[in-house]
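Here is the structure we will look at, set down as structure tokens.
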Amino acid sequence: MKRLNLVFLLLLAVVSFSYAQRTVSGTITDQEGEPLIGASILAKGTTTGTVTDFDGNYALEVPEGTTELEFSYTGFATQTLALGASNVLDVKMSEGLLLDAVVVSATGLDRNARDVTYHNQTVKSDDLLTVPSKNSLEALRGKVAGVKLSTGSGSVGASTRIVLRGEGSLTGDNNALIVVDGIVIDNEASLGGTDADEGGASTGYADYGNRFNDINPEDIESITVLKGPSATSLYGSRGASGVLLITTKKGSKGGRLRVGINSTTSFEQAYVLLQRQDRYGQGFGLPFSETPSFDSGENWSWGPEFDGVVRPWTSPIDSDGDGDLEFLSRPYSAVPNQLENFFRTGRTLANSINLSGGNEKVTYYASYSNTTQEGILENTDYNRNTVKFASSAKFSKRLSTNFSVSYANVVQNSAQEGSRPFEGQNAYANAVQSPVNIPFTELRDYNSPFHDFGGYYGSYTSNPYYILNEFINEGRIDNFLGTFSTTLNIIDGLDLTARIGTNVVDRTIREATAQYAYADHYVWADNLVASTRGGRANSPGFFSQTEGTNSNLDVTGLLNYSRALDRSGALSLNVTLGYNNFTRTTRSVTGSTVGGIIVPEFYNLANSVQAPLASQSSSKYRIIGGFANAQIGYQNRLFLEYSARNDWSSTLQAENNSFFYQSVGVSSVVTDFFENRNENIDYVKFRASIGTTGKDAQLYALQSTFIGNPIFQPLANGRDLTFPLNGQAGFTLGNSIGNPDLKPELTTTFEIGVDATLFKDRVDLAYTYYNSRHTNQLVEVSLPNSSGFTRTVRNLGEISNQGHELSLTIRPIKGLVKGLTWDLDLIWSTNQNEVIEILDPAVDGEELTLGTFGGVAVVAREGLPYGTFRGNVVATTDAGETIVDAQGLPIQTERPEDLGSYQPDWLGSVGSRIGYKGLVLNFLFDIRQGGKFLSYTKDLTEFNGTALTTVERFRDAFVFPNSFTEVEEGYQVENTTMTNRYDFLRVQPFSSHLIDASFVKLREIGLTYNVPARFTEGIFISNLTVGLFARNVMFWLPEENVWADPEINGPSLTGNATGIETTQTPPSRSFGINIGVKF
Amino acid sequence: MMNLINKIFLFSLALFLVSCDGLPDLNVDPDESPSARPQEVLTSALGYAAWVQESRYNEQAFLWGQYWTWGPGVSLGNDARYVAEPDDHNNLWARAYSNALADLRFLTQNEDPAYSAVGKIMTAYIYQGLVDHFGDVPYSNALLGEIADGSVLTPEYDDAATIYVNLIALLDDALTDLDRTAGNEIHGEDLIFGGDLSHWATFGKSLQLRILMRQSGVADVEREVEQLVQEGDLIHNSAEIAQMAFAGTSGDENPMYASMESGIGNFYVASNASLNVLRALNDPRISALYDVAPNIGEIVGVDQGSIDNEPFTAVREDYSQGTAVTYGPGNPVIFMSDWEVWFLRAEAAARFGTADDEATAFANGIAASFAYLGVANPGGYTASLGYDTGASIDERLRMIATQKWIAMNGLQEDEGWIEARRFDTPGNPIFTDLDNGIFQTPTRTALAPGVHPSAFLYPESEQSLNPNSPAQRILTDKVFWDN
């Protein structure tokens, strides 16, 4: 019974008993007498241990036979003290060993932080979980330098894009690679919706998240962000955009079973950033008439000025069958908080439990978590269950293994995003464009006769609550990740590690549009004249189901050899040889109804009016790498590292598919070279490295192909035109030109930096300067249709990224007041991105188009940052006056101009943590300066008359100020022609919707109380924490941004034409409470 | 121990070599085919061509040709006000160049002369359409994006008149190819003629006549026209109409119908511009082209572009809409008709004195139109018009233009609009004259009174992606043949 029993079953309690002989107690402090909270005490040779409370006190029942106690604390030297006669043992622990902290290296092996020659930053579990986040990527916001995150939507389970140090690939994937315990996981975003194939730009898309979302944040021990190419030698090509190394919890050797339970409840409220006018209501007027008319069927707010007179706002209907018409009425005025009230209060409940423990030979960790979210949009929810089991075993002195399996099941009901409310799929866009006098709180009852198909007010839209509740956008994800690794110590210093991992993601996406038919309805006009109006769009119903599986197999072999090169041990050598084989297989099958559905609300392919349509896709990708890494150290203070790697990729022709790259780095802990150094300089390390990385092409870019039986014109409401036509199959030449000559892309990065600890551990500083050149860019080029194609992939061009990353932690009052701590974290990074050259004889104009939207192109253009917006602007005379046409309206330039990019000038964050005894207050500000985004919301609301810009000058006719008419080239006369606000806004170039994307966000506030041990004594609780938190508390946006959250972009979530907002669900502000218990 | 290490190395090496081998073989997309048969590519090309013709051209032209006008219930759109946006025609170019013409190019290179001939005829047809709407377009080095074709990714624009000359030659090539065929090479995949190559030859020659006559006001085409008429192998009865049928079921619907029904349906009503002419001529086709207004019980139209002047309470049922012949799921897309060719021949006879009898050709055009619409007694109607070969050429052209425009109503609206632009000249403003012209100026036109669109704008996609594209056009820029 002295040994801990270990059972390989989840959630099976494992209990240990020990016969206590004596109880030893004491206080553990640092050198200055500050108590250390949570330090571990272990009876040496046993599994019995405890931790200190927040006063630094401990009490341990020491088992019989124990002679020594081991004291350990992160960042401090572990001490082993013999037990004497006294039952009191106070310990003063020494710091400084923080510098010997272990980091995870690129090869996936643990490494001493001081010998790493490149910048890396690790965020620990505690910092990730200061305030609960919806997923771990969200939790990284503001915590790492040089990380840019953007979100696809404020809806539940949406995707997050993560880019490290700026985009380096012109049109390739710029998302960081995500590696969990050495295994690359599938992080693909799952998109659905009526137009997912085309990026959802034109009609709508549903976002089922990227798969990193499936990881239980509580299972994460740390996230290490690797940015330079010297850091990515293991992941080679796939790691060229940087790597996020996730280390999951394993269970510690420190003795008894530990149980942790965590429960979080929070409430979310939509944080609507769109501001709208409240002066004019439903109806039409401009540009047709200066005197606006009321029209209760309109989606326009170009109607009469509000007068507060009670008027009907629903269509007249005979709701009770008495032959008379009834309707609802309300004062003709703007509804306060109209858009806020479109949403409901969301709710998140997250519970998790984990068990861990172990001894010298075996450790284990098991967890279960459930997260249930109700989104701010009706009928949107997210339910995630995860289980994880991890174990390590040391079978003999020479053989040890690690084993981990995790499984996540996600069921998500989403809502469609996207820009086209007319097609009736995006409920929020529908709400945005409704007149400002429509009370959504009442429309919510969409079955009411006043709000159903007969009574609903709108002639051109559907009740958004009907869309939310009756349409289906359901994603089910099963995500399995299994890893197994074994290390064989062949001889002293020589280890062979084999690691195999598989990540299988299975998704089922069901989407349905309800079947409905409108009758003609009545609308109210001026003087409350009622008339019928027909022609509302009907839906024959639609259903589709996609079943897809992505399987990833990652096999790694590592041979690691380390030894001292001389007798004194001053020179050390570490050599790693490795092999990696990664294979990704995807397949999916989609079935969809054709011509509508027969039985309403029965969503099954068998319910299709005509034979349902099937489509399938599959792919296979493999990349194989061989690599070597050698490191020589001198007196543990000077290090030289070299690594080389060769990749073979399946996406390139045989003659181009092998690519070799290498890197070299040096680092030195300079403070170790001086015996008598300044006492204010604790530790200084300089590092420098230079290296290259290659990147292979996308799949299937080498060959032009024909597409069998395509949809030749996608149309809404189940009316796609498709082959076979009249029974004849059609094969069309694909729109992409195959390019068999593609070569791998190459990135060369140089970086230097310094890590320092100053003023007796009061300041930690890490600074890095980097400069990357990305050459031989593999670019997907958009082509003019007249070439016969729409795109091709080519090697061309060069991009550079250079920037500075600074992170600074200040502990200004360290040691001043007993028990009071204050950490201030400042993170700042800037990245200058420039497209150096676009080289291809076939492409003129030094410009590539990444995407276009409404006449604004997102381009890569020589001499400008990647992602520059280009579009026509209002034409001006040489003196800067606006040139107008005969109608007095501004005319546009003939050629597009550069209008800034989506690249921010800099990103920063300010975080602070103030602790006193068990109480911790923390907050985090997140700042982005510069960059632009294109707001489709602005376009939409200016069209329908709800934008603030539509009420300038009270909609009176006006002469555009300081404007001239060009009579002939170079000769202008002052313009006196009146124009109206509607026409004026409509002729504005689409580039007028480019908005400053800067923000300051108070991202998190948290107040955590660690309940003193004396309150929990005797109830087996070793630690009890209660926290209150708030996320997205306040946003400060530039004055011109009254439209949307600049961080929510879409629809191409993993693509590069980001910076385009298309009425996505807004973010939410959340408030919650978190309780954590440890046994 | 070293033995073990050796074994491990050898094993790794073996694993490595095995798995590197055949890597490129993985890079074949299992979902797409590296090759295709001409049969399926022909079907594809015709499908896209039909989409361009029916949903892009005709859908715009029923409005600008003043057959239909904007109805009640939907705020007046740009095209009803003669306002154009640069991105209006992105989709048109994508379907025309990247799909239809790219597929046709594959066919023109086929060794089988039947496929290459059909490919060339349809290529000429689509290019003529592009010129007639956009003027100068990429032609001579368009469609050459493939590396094997020289990687021309940003083609230059060719002069519209020069393209016309080339199209005649391309059709000559096609006719030569057809001479080499056995006649049984193509079957059901030919959605227009079911593989009847003699019909293709007739269509090719008729298309030559159309291309020649289109430039009759600006170029000397007399001799070539006379020769074509002399040969006589032109579409001359309903069996030879170049048209593509649709089943009328989902996925296989008339493109205009599918496109409009996928939105909020057909909200267009009869234009008084058309009704006025039909009524003045006492034309019996009026009932074949327009249904009676359900709420009124007779045919009611709206002045072009003036729905906002109608009572606010007006609903669609207060007006007439197109009949099922002009708007329906199973309606064919007509590329070229017998009435069109007869009117071309009447015009050629009037202008050049060809072998045809002018009045007979004119009467045949009207008779073909009546026949297609199922209206009786074309003879009596023609007689009532009193076509006089002795009248002035302007007078005869006015009558041909009017009859041709009526015959295109609801069936070939785009050809009707194009020919209205051509027949209308400063000396003979048949359509645009402010007092006596057929066209009405839309109430909220963005152009001046009596001014109507003469072209489309270049698509924004092409303008932004092709540095060789010329400066953007405006709606009143004329195509080279337009006087």
| Cα-Cα pairs of the range A:738-863 separated by more than 22 Å (percent) | 56
| said: Can you give me the Rg/Rh ratio for the range A:887-991, using Cα atoms for both radii and the Kirkwood formula for Rh? | reply: 1.25
| query | Where Lys and Arg each count +1 and Asp and Glu each count -1, what net charge lies around A:Phe1079 among other residues with Cβ under 10 Å from its Cβ? | reply | +3
| request: Compute the distance in nm between two label points, each set 7 Å from the Cα along the Cα-to-Cβ direction, one at A:Leu921 and one at A:Val529. | output: 6.5
| field | Cut-off 11 Å, label 7 Å out along Cα→Cβ of A:Ala564, residues of the range A:629-645 by amide N | value | A:635
| Hull-based mean projected area of the range A:349-484, where the convex hull spans the alpha carbons, in square nanometres | 11.2
| request: In nm, give the distance between the simple-model label positions of B:Val28 and A:Glu305, each being 7 Å from the Cα along the Cα-to-Cβ direction. | output: 7.4
| task | Go through the range B:175-212 and flag every residue whose accessible area shrinks by 40 Å² or more with all protein chains in place compared to the isolated chain (probe 1.4 Å). | result | B:Leu191
| note | Over chain A, the sum of -39500 (n - 2.57) across DSSP H runs of at least four, divided by residue number and rounded to 500 deg cm²/dmol, gives at 222 nm -1000 deg cm²/dmol
| remark: Computed on Cα atoms only, the convex hull of the range B:374-417 has an orientation-averaged projected area in nm² of 3.6
| message | Quick check on the protein assembly as shown: what does the Kirkwood estimate of hydrodynamic radius come out to from the alpha carbon pairs, in Å? | response | 36.3
| task | Using only the Cα atoms, work out Rg/Rh for the range A:466-608, with Rh taken as the Kirkwood radius, to two decimals. | result | 1.44
| query | What are the ³J(HN,Hα) values, in whole Hz, obtained from phi via the Karplus relation 6.51 cos²θ - 1.76 cosθ + 1.60 with θ = phi - 60°, for each residue of the range B:36-50 in sequence order, with x given for Gly and Pro? | reply | 8, 8, x, 4, 6, 5, 4, 4, 4, 4, 5, x, 5, 4, 5
| remark: For the range A:677-801, Rg(Cα) over 2.2 N^0.38 Å is 1.90
| Debye log10 I(q)/I(0) at q = 0.22, 0.23, 0.27, 0.28 Å⁻¹ for the range B:220-259, Cα point scatterers | -0.75, -0.78, -0.91, -0.93
| said: How would the range A:549-657 be classified by its alpha-carbon gyration tensor: rounded, prolate or oblate, with rounded meaning a/c under 1.5 and the a/b versus b/c comparison settling the rest? | reply: prolate
| task | Calculate, in nm to one decimal, what A:Leu325 and A:Thr401 gain on full extension: separation in residues at 0.36 nm each, minus their alpha carbon distance. | result | 19.6 nm
| note | A correct Karplus calculation of ³J(HN,Hα) over the range A:741-748, with 6.51 cos²θ - 1.76 cosθ + 1.60, θ = phi - 60°, whole Hz and x for Gly and Pro, returns 8, 4, 10, x, 7, 10, 10, 10
| note | Over chain B, the sum of -39500 (n - 2.57) across DSSP H runs of at least four, divided by residue number and rounded to 500 deg cm²/dmol, gives at 222 nm -14000 deg cm²/dmol
| field | 10 °C / 1.306 mPa s Stokes-Einstein diffusion coefficient of the range B:280-396, Kirkwood radius on C-alpha pairs, µm²/s | value | 95
| task | Take the Cα coordinates of chain B, assign each an equal point scatterer, and use the Debye formula without solvent to give log10 I(q)/I(0) at q = 0.10, 0.13 Å⁻¹. | result | -0.76, -1.29
| Theoretical FRET efficiency, 1/(1+(r/R0)^6), r = Cβ-Cβ of A:Glu894 and A:Ala85, R0 60 Å, to 0.05 | 0.05
| If the cut-off is 21 Å between C-alpha atoms, which lysines fall inside it for A:Lys818, apart from same-chain ones fewer than 8 positions away? | A:Lys92, A:Lys760, A:Lys917
| Ordered by residue, what ³J(HN,Hα) values in Hz, to whole numbers, does the range A:967-972 give under the Karplus form 6.51 cos²θ - 1.76 cosθ + 1.60, where θ = phi - 60° and Gly and Pro are x? | 6, 8, 3, x, 10, 10
| said: Within 15 Å, Cβ to Cβ, of B:Ser320, how many net charges do the neighbouring residues add up to if Lys/Arg are +1 and Asp/Glu are -1? | reply: -4
| field | Amide N proximity, the range B:78-120 versus B:Ser140 label position 7 Å along Cα-to-Cβ, cut-off under 20 Å | value | B:105
| note | Here, A:Ile752 and A:Ile914, labelled 7 Å along Cα→Cβ, have an inter-label distance in nm of 4.0
| At 1.567 mPa s and 4 °C, Stokes diffusion of the range A:548-608 via Kirkwood alpha-carbon radius, µm² per second | 75
| task | Could you order B:Tyr458, A:Tyr621 by accessible surface area, starting with the largest, using a probe radius of 1.4 Å? | result | A:Tyr621, B:Tyr458
| request: Grab the beta carbon distance between B:Glu231 and B:Thr162, set R0 = 22 Å, and tell me the FRET efficiency rounded to 0.05. | output: 0.30
| request: Sort the range B:45-85 into rounded, prolate or oblate with this rule: let a ≥ b ≥ c be the square roots of the eigenvalues of the Cα gyration tensor; rounded if a/c is under 1.5, and if a/c is not under 1.5, prolate when a/b is larger than b/c, oblate otherwise. | output: prolate
| field | Convex hull volume of the range A:478-553 per residue (C-alpha atoms, cubic angstrom) | value | 145
| query | How big is the range A:731-781 on each of its three principal axes, counting only the C-alpha atoms and giving the largest first in Å? | reply | 73, 21, 12
| request: Please give the average number of partner chain Cβ atoms lying within 10 Å of the Cβ of each residue in A:699-705, rounded to a whole number. | output: 5
| remark: Honestly the range A:656-734 on the Cα gyration tensor test (a ≥ b ≥ c root eigenvalues; a/c under 1.5 rounded, otherwise a/b vs b/c for prolate or oblate) is just oblate
| said: Taking R0 as 45 Å, what FRET efficiency do you get between A:Asn385 and A:Glu70 from their Cβ-Cβ distance, rounded to the nearest 0.05? | reply: 0.75
| Given the alpha-carbon gyration tensor of the range A:231-331, what are the semi-axes of its equivalent ellipsoid in whole angstrom, ordered largest first, with each equal to the square root of 5 times an eigenvalue? | 61, 26, 15
| remark: Within the range A:677-773, DSSP-loop GluC sites (Glu not before Pro) with at most 12 other C-beta atoms within 10 Å are A:Glu679
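The values are calculated or read from the model by the stated rules, or taken from the named source; none is laboratory data. All figures in this text were calculated on a predicted structure; none of them were measured in a lab. As a convention, Cβ positions derive from the backbone with ideal geometry for all residues, glycine included, and neighbour counts pool all protein chains shown. Each accessible area value is taken on the protein alone, full model and side chains, heavy atoms only, with ligands, DNA and RNA left out. Shrake-Rupley method; radii C 1.70, N 1.55, O 1.52, S 1.80 Å.
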